[in-house]
1. Taking every pair of alpha-carbon atoms in segment 132-205, what share in percent sits in each 10 Å bin, from 0 to the bin with the longest distance?
2. For the chain, calculate the relative contact order in percent as a whole number, restricting contacts to Cα pairs under 8 Å that are 6 or more residues apart.
3. For segment 72-199, rounded, prolate or oblate, judged on the Cα gyration tensor with a ≥ b ≥ c (square roots of eigenvalues), a/c < 1.5 rounded, else prolate if a/b > b/c?
4. Ignoring any ligand, DNA or RNA, what whole percent of the accessible area of the chain comes from carbon and sulfur when the probe is 1.4 angstrom?
5. How many nm separate the modelled label positions at K616 and D379, each set 7 Å beyond the Cα in the direction of the Cβ?
6. Please name which of Q253, Y265, T329 has its Cα lying farthest along the dipole of segment 224-329 towards the positive end, using unit charges on Cβ (Lys, Arg +1; Asp, Glu -1) and the Cα centre as origin.
7. Over the chain, what portion of Cα pair distances is larger than 38 Å, expressed as a whole percent?
8. What FRET efficiency comes out for A588 versus K351 if R0 is 35 angstrom and r is the Cβ-Cβ distance? Round to the nearest 0.05.
Amino acid sequence: MSATSPTLANLLHEQRRFDPPPELAANAIATASIYEEAARDRLAFWAAQAERLTWATPWEQVLDWSDAPFARWFVGGRLNAAVNCLDRHVAAGYGGKVAFYWEGEPGDTRVITYAELTAMVCQAANALTELGVTAGDRVMIYMPMIPETVVAMLACARIGAVHSVVFGGFSAEALAGRTNDAQARLIITADGGFRRGAAHALKPAVDDACAQCPQVDKVLVVRRTGQDIPWNDGRDIWWHDIVDRQPSTHEAQAFDAEHPLYIMYTSGTTAKPKGILHTTGGYLTGVTATHRMVFDLHEDTDLYWCGADIGWVTGHSYIVYGPLANRATSFMYEGTPDTPAKDRWWQMIEKYRVSILYTAPTTIRTFMKWGEEWPAKHDLSSLRVLGSVGEPINPEAWIWYRTHIGGNRCPIVDTWWQTETGSIMITPLPGVTSTKPGAAMRAFPGITVDVVDNDGNPVPNGSGGYLVITEPWPSMLRGIWGDPQRYIDTYWSRFPGKYFAGDGAKRDEDGDIWLLGRVDDVMNVSGHRISTTEVEHALVSHPKVAEAAVVGTHDPVTGQAIVAFVTVKGSVPADEAQGAAFAAELRAHVAKEIGPIAKPRDILITADLPKTRSGKIMRRLLRDIADHRELGDTTTLLDPGVVQQIAAQLAGSG
Ligand code: WTA
């Protein structure tokens, strides 16, 4: 835990407490009694949450844990996820209610009601059926932030196909690896999307991926930007050609509560991403309950905005499934926050009167860097609840968020969870919790977490340790796609009988929980999980690289940044210019292998890497070097001249 202690010291600096605003507390969806209710009978609490969904067949048993750690929730129940997000609201008379206000980066807008979204999803479901997609088939989705992405996901869910959304910032290589692992035959994509003021292409990456995925026989392409794209006549189909001519009704079938809903790939501690599997009934129960209570959603008056990308789990649970199942009205934005200017978000919050905002600490810190004058130009008085997710939020960012965005009135909910947990696990409740800047506070009702020491024993208040979840929960992952043993090994073996999250945590003197970051070889860059091994793997696949060691180092904006130490085959770069060119080549190589988000911030070309006698790279030492930028005792291990030279060059090249 030594690597995290500076963070802890920093956290403990901030002593202020912030009580819920009285007016919010008086009308809150979740009140203090919810904790008692859930503690009295956890399964009854979850059953009550599940009853808010519409089931075609009721379940017989809330939880079957007899084959632990493989859980079955709401055993025997049958439902359709898309019907729960759409049709039932239309049937209840809310067809005219807006599901999404959407804004493209160039400023184009769309308003889509629940009735319209239902019709779009029915048409897409009919198109998928025409393409031969049936229940259980996997479908890849590689899209920008446009309404069709939501439509594609729900169309899959409607026919029981399993979607696997790959973030549009990932490379062709990454898409190919995931497509092959999922054995998907269809990829849904778009020509491109708008980012940073320009059309950003997606389709060419799909073409490159398909060259490595012989089983893919159809690519469905949404026209978003209108840019020129390569076209493969036998394989590619325009979305508008096949979807628009379909009937706008579709009879949805109910599926088993444990029917697979989606696979989301995420980085683990090895080079191969894990396909995290979520199923239908428990997942929907978890996301709807948390979305309602954590954000205090009053669905008929709130305007909710989650600023994540749908390509991450946050987008799945808190842009698509949670908000739609709760009949929320959401805002959705395609592009980057500084296009055309650094107040784009605040301008849109003012325009649409957004009342709930959910974003990541890295985004908040970027806004801090840009300056408070940007939000100050706008009327943000519509906001009433602010959320944070993705990494520990430092108290400075928390206070800035509360002050400059929340007008000193909005409660902040710092929500801890993971791709694997499916929904929020540790969080304040805005009408109940007296919050502490930087703390995620306590487990959501019905969730049981603990902080344990090396031997799995709970730590006393005031101490740090490993975060575990002690009982199964409805939205938990059901496994790793195609690798049940890895599921057991990764999550249930470190502390038998408990779910090991991979995060360090501390209980303060009051017993409240503070998250301290990963304790494994997973980095968190701008809230994105990236494995050190995955980046090392990408680096050594470059023909000139002999060995690579990758560590995460502190970064004021992105939380962590990637630093790579590399030894080369043959001669080292002769001078500064050659070294910089080589580092640039390696960064481009990593972007090609994984995606631009995995590009090391710094690449240090060294003569050797520090290793233990058994040949294991001493990452801890490298992390110290990366954090302190001091070579000290390491001069015998590294060629200080080269390191300093390259570090200086990289600082210059950003
Ligand atoms: C980190 C994102 C501290 C944590 C929903 C976790 C957080 C990983 C928080 C999961 C938070 C997420 N405070 N750390 N509020 N939220 N994390 O799978 O390390 O992309 O294990 O899910 O992000 O990242 P993932």
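1. Percent of Cα pairs in each bin: 20, 51, 25, 3.
2. Numbers: 1413 pairs, mean separation 88.5, N = 654.
Averaging sequence separation for qualifying contacts and normalising by length gives 14 percent for the chain.
3. Details: a/c = 2.10, a/b = 1.07, b/c = 1.96.
Verdict is oblate for segment 72-199.
4. On the way: 12010 of 23790 Å².
Here carbon and sulfur together make up 50 percent of the probe-accessible area.
5. 6.1 nm
6. Going by the charge dipole, the pick is Y265.
7. Details: 68507 of 213531 pairs.
For the chain, the share of Cα pairs beyond 38 Å comes to 32 percent.
8. Values: r = 38 Å, r/R0 = 1.10.
Efficiency computed from Cβ-Cβ geometry: 0.35.
The values are calculated or read from the model by the stated rules, or taken from the named source; none is laboratory data. Fair warning: this is a prediction, and the values are worked out from it, not measured in the lab. Methodologically, a virtual Cβ is constructed for each residue, glycine included, from the backbone with ideal geometry; neighbour enumeration extends over all protein chains shown. Ligands, DNA and RNA are stripped out before the accessible areas are found, and what is left, the full protein with its side chains, is counted by its heavy atoms. Shrake-Rupley method; radii C 1.70, N 1.55, O 1.52, S 1.80 Å.
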